[in-house]
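Each value in this text was obtained by applying a stated rule to the coordinates, not by laboratory testing. Small disclaimer: the values here were computed from a predicted structure and weren't measured. Here Cβ is always computed from backbone atoms with ideal geometry, including for glycine, and neighbour counts include all displayed protein chains.
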Amino acid sequence: MEKKQCQREPKLPKINIDREVFCPLDKAGLPDDQVFKNYEDVVVQDLIIITNNVKYRREVYYSPSQHKSFPGELPADVRGKGEYGPGIRALIPVLKAEGTMSEKWILGFFQNVGIEVSATHISQQWTGGYDLFHQEKSDLYRGGITASDYVQIDDTRARVNGTNQYCQIVCSPLFTAYFTTPKKDRLTVLSVLTDFMPPHYLYNEPAKRLLDTFKLADKARVAIDAQLPAEIVMNESEFNAQLTRIDTLGSRQSVHLTEACAIAFYQQQTDFPIIERLLADDAPQFKLLTLFLCLC
């Protein structure tokens, strides 16, 4: 049987040439009839890691009449970005995500090449210094939910700064998104499914049907109907103020009322795509949030 040869794509067309170096031939000792024929190219890939520290000298003019100084503008790629340039800011997520390096190792890498940086800055930059990436994740998450026929969710334990939290995994055949939350109750899952949209509450007929499902006592239902405004969207502070007025509710009843009103608002809002089919296990926090719950 003939052995199948592996077809490899040529590398040279993909390599960007940064500079050319001419290598002359030492003609001493060569025959007198030597004639130049051509050049033979040899491509050597290499990487140079050096510092690129820049001192920007900003012109400053002062107006005595306005008692105000007017400094020159920094370039756009460093303006308002702190004391580290775009190269360092771009390299941190590459080393963290692609290189799977810990923050301690990233700190060691920068120190070895002569960059004075602290472990605190690396941690702060990684967790909060990439607003563009956070927005990109939100846009991808929204787009993935919108384009998916169903969404699947599950959670697993995660340790965060020595405390037990939960990693929420939301996915479909089109996307996968991860979120870390301190709790995993029904309201937390609802927040995850809406990309942590500010919570709002609505006491309407769907909310009342959910209270039927929760089997709230008749006395509690009478108090709710008498004191909680119906068909009015409330933000969190407004809803909590109304909830405080209904002092006959127990803690569990308050939780069920909050869940019912939050779900009722979610299922009629238009700011975020509504999930109709949720694929999950039989855990209670995944129930009643969507029109259909598919068990995995």
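Working note: Karplus 6.51/-1.76/1.60 with θ = phi - 60° gives the stretch 60-71 the couplings 10, 10, 10, 10, x, 5, 9, 6, 9, 9, 10, x Hz, where Gly and Pro are set to x. Once the Cβ-Cβ distance of residue 209 and residue 161 is raised to the sixth power relative to R0 = 41 Å, the FRET efficiency obtained is 0.50.
Taking the three principal axes of the alpha carbon atoms in the stretch 200-266, the coordinate ranges are 25, 22, 19 Å, sorted in descending order.
Grab the DSSP H runs of the chain that are 4 residues or longer, score each as -39,500 (n - 2.57), total them, divide by all residues and round the 222 nm result to the nearest 500 deg cm²/dmol. Spell out each step's value before the answer.
Numbers: 9 runs with 99 residues, N = 296.
The helix contribution divided over the chain gives -10000 deg cm²/dmol.
Listed values for the stretch 126-133 are Karplus-derived 3J(HN,Hα) couplings in whole Hz (6.51 cos²θ - 1.76 cosθ + 1.60, θ = phi - 60°), namely 5, 8, x, x, 10, 4, 4, 5, and x replaces Gly and Pro.
Between the helical axis of 205-214 and the dominant principal axis of the chain, each derived from Cα atoms, what acute angle in degrees is found, rounded to the nearest 10? Helix 205-214 and the main axis of the chain meet at about 80 degrees.
Give me the dipole magnitude in Debye, nearest 20, for the stretch 200-266 about the Cα centre, with unit charges on the beta carbon: positive for Lys and Arg, negative for Asp and Glu.
Details: 7 positive and 9 negative charges, 48 e Å.
Roughly 240 debye for the stretch 200-266.
What's the angle, to the nearest 10 degrees (0 to 90), between helix 218-227's Cα axis and the longest principal axis of the chain? Long axis of 218-227 versus the principal axis of the chain: about 70 degrees. Each residue of the stretch 167-173 was assigned a 3J(HN,Hα) from its phi angle through the Karplus curve 6.51 cos²θ - 1.76 cosθ + 1.60 (θ = phi - 60°); the sequence is 8, 9, 10, 10, 7, 7, x Hz, with glycine and proline shown as x.
What dipole magnitude, in Debye to the nearest 20, does the chain give about its Cα centre under +1 on Lys/Arg Cβ and -1 on Asp/Glu Cβ?
Numbers: 33 positive and 38 negative charges, 133 e Å.
The dipole of the chain has a size of about 640 debye.
Percent of alpha carbon pairs in the chain separated by more than 27 Å? Cα-Cα pairs of the chain separated by over 27 Å account for 66 percent.
Overall size of the stretch 164-296 from C-alpha positions, given as principal axis extents largest first: 46, 31, 27 Å.
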